[in-house]
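Take a look at the structure below.
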Amino acid sequence: MAQEAFEEVVADFEFLEDWEDRYRMVIEMGKDMAPMAEALKVPATKVEGCASQVWLHMAPEDGRFHFQGDSDALIVKGLIALLHRLYDGLPLAEVAAVDARAELGRLGLNEHLSAQRSNGLRAMIERIRSASA
């Protein structure tokens, strides 16, 4: 089961009739994220495999997984916000057990992202999983 913050997104998506409304919600979630410091946008935090610019800064603390992220594309920033709700705050040992593809599939994302966005999302998930190991 996903974290409560992600479950709230799932519940909100159930009330939205069409994908365009869901798409707007994902974009708004990205806009609402705390900004990532420019100093953290370095080659070491850049995620390769994404069509847009994406940075993920992992900061585990007290045995829990935390990260910040940013992108130059609004929808990708929204995808980062979804991943944040899915992973942030989990015990490090539980991060690898999260089936992000299945969880995001509950939102219908698998059918509505372009191949490039899907590849980028996979690259972000792999970065998260490898950073928690």
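The values are calculated or read from the model by the stated rules, or taken from the named source; none is laboratory data. Because the structure is predicted, anything quoted here is derived from the model rather than measured. All Cβ positions, glycine included, derive from the backbone under ideal geometry; neighbour counts span all protein chains shown. Just so you know, the surface numbers come from the protein's heavy atoms only, side chains and all, with ligands and any DNA or RNA stripped out. Shrake-Rupley method; radii C 1.70, N 1.55, O 1.52, S 1.80 Å.
Below is a table of values for the structure above.
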| read-out | value |
| --- | --- |
| Among (i) 99; (ii) 119; (iii) 143, the entry derived from the coordinates for volume of the Cα convex hull per residue in Å³ | (i) |
| Label point distance in nm, ARG106-LEU92, each placed 7 Å from Cα along Cα→Cβ | 2.6 |
| Pairwise FRET efficiency - ARG64 versus SER114, Cβ, R0 = 30 Å, nearest 0.05 | 0.35 |
| Length added when fully stretched, ASP72-GLU7, from 0.36 nm per residue minus Cα-Cα | 20.8 nm |
| Sites SER52 and ASP32, calculated FRET efficiency, Cβ-Cβ separation with R0 22 Å, nearest 0.05 | 0.75 |
| Exposure ranking of GLU14, GLU103, GLU8 by accessible area [1.4 Å probe, largest first] | GLU14, GLU8, GLU103 |
| Low-density loop cleavage sites - GluC sites (Glu not before Pro) in the stretch 20-102, where at most 14 other Cβ are within 10 Å (DSSP) | GLU48 |
| The chain: relative contact order as a whole-number percent, Cα under 8 Å and 6+ apart | 28 |
| Selected from LEU56, LEU16, LEU40 as most flexible by GNM, with the chain as the system and alpha-carbon contacts under 10 Å | LEU16 |
| Per residue solvent-accessible surface (Å²) - the chain, probe of 1.4 Å | 54 |
| Pairwise label distance in nanometres, VAL42 with LEU16, each label 7 Å out on the Cα-Cβ vector | 3.5 |
| Solvent-accessible area, 1.4 Å probe, carbon plus sulfur percent, for the chain | 50 |
| Selected from LEU86, LEU121, LEU109 as most flexible by GNM, with the chain as the system and alpha-carbon contacts under 10 Å | LEU109 |
| Residue of VAL98, VAL42, VAL26 that the Gaussian network model of the chain assigns the largest fluctuation, springs spanning Cα pairs under 10 Å | VAL42 |
